[in-house]
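Quick notes on the structure that follows.
Rule-based calculations on the coordinates, nothing more; no lab input. The model shown is predicted, which means the values in this text are computed figures rather than measured ones. When we count neighbours, we look across all protein chains shown, and the Cβ atoms used for this are built from the backbone with ideal geometry, even at glycine.
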Amino acid sequence: MQNEFANKQINKYPLDVSDLDATVRTIAEMEKEIGFPNLVVLNAGTHMPISVESFSVEKIRTLMEVNFMGVVNALSEIIPKFVSAGEGHIAVVASLAGYRGLPSASGYGASKAALINMCESLRPELMKYNVRLTLINPGFVETPLTDQNDFEMPFIITAKDAAERIFREIEDCKFEIVFPKRFAFIMKALRLMPYRIFFSITKKLIKNR
């Protein structure tokens with residue numbers, strides 16, 4: 001991966017993705033200067049742990065505006081261009097946390113669940129226009145955001161490892177990229193569990209903190 005991009009120019013366009021007008025302007029500026037890309041990876045996001053004691057409209061609104069609406073804002077410009085061109089590839093980074101509701105993730109998990117649901121809805125429609133949509137659901141990745149967590153994060157990987165896994169798999173035709181595989185298996189199993197069993201597990205997670 002390092003050799004692939006070593007000699008390529010990197011263009012930087014600072015952007016607050018929660019600002020629709022700024023997103024529209026930035027995408028227009030990018031298109032004018034470097035042309036419209038054939039692959040767009042939407043990866044901007046933030047995280048704030050929210051417990052019952054710290055439940056806040058402002059915190060959840062921020063998470064939804066950045067994590068969910070930030071993607072929506074970008075897609076509002078990207079989808080029409082790709083549909084018109086009859087080609088293109090969109091990759092949206094959500095999270096395994098979007099599979100089921102977990103303690104202290106009422107805002108973050110909800111924003112990622114919304115992304116997963118939206119991508120599932122858009123995928124078959126975009127396929128009609130030869131536009132590919134890939135959903136990326138990582139587990140815990142070492143970043144300044146996960147540094148905020150005060151609990152054990154199973155199977156956590158480095159940001160470099162996460163990027164390399166995405167790079168290897170993004171050209172495959174499958175809809176979803178998930179990693180680490182062992183953690184993804186656990187989260188997929190939780191998604192299939194009845195509430196009685198699921199809540200008995202998450203209740204233990206709270207007691208162990």
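Key figures
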| quantity | calculated |
| --- | --- |
| Residues ARG61 and LEU20, FRET efficiency given R0 of 22 Å [Cβ-Cβ distance, rounded to 0.05] | 0.90 |
| Loop-located trypsin sites (Lys or Arg not before Pro) in segment 1-98, at most 11 other Cβ atoms within 10 Å (DSSP) | LYS8, LYS12 |
| C-alpha center-to-center spacing [segment 164-209, segment 98-142] in angstrom | 12 Å |
| Debye, to nearest 20: dipole size of segment 56-209, +1 on Lys, Arg Cβ, -1 on Asp, Glu Cβ | 760 debye |
| The chain: Rg to Rh, with Rh as the Kirkwood radius over Cα pairs | 0.97 |
| Full-stretch length increase - SER54, MET193 - with 0.36 nm per residue and alpha-carbon distance subtracted | 47.2 nm |
| Whole-number D in µm² s⁻¹ for segment 87-198, Kirkwood Cα-pair radius fed into Stokes-Einstein, 20 °C, 1.002 mPa s | 143 µm²/s |
| Helix runs (DSSP H) in the chain reaching 24 Å along axis by Cα, Kyte-Doolittle at least -1.0 | 108-127 |
| Hull volume in cubic angstrom per residue (convex hull over the Cα atoms of segment 1-103) | 143 Å³ |
| Length released on extending from LYS32 to MET127, taking residue separation times 0.36 nm less the Cα-Cα span | 31.5 nm |
| Tally of Lys pairs whose C-alpha atoms are under 26 Å apart, taken over segment 8-143, 8 or more apart or cross-chain | 10 |
| Length released on extending from GLU152 to TYR13, taking residue separation times 0.36 nm less the Cα-Cα span | 46.5 nm |
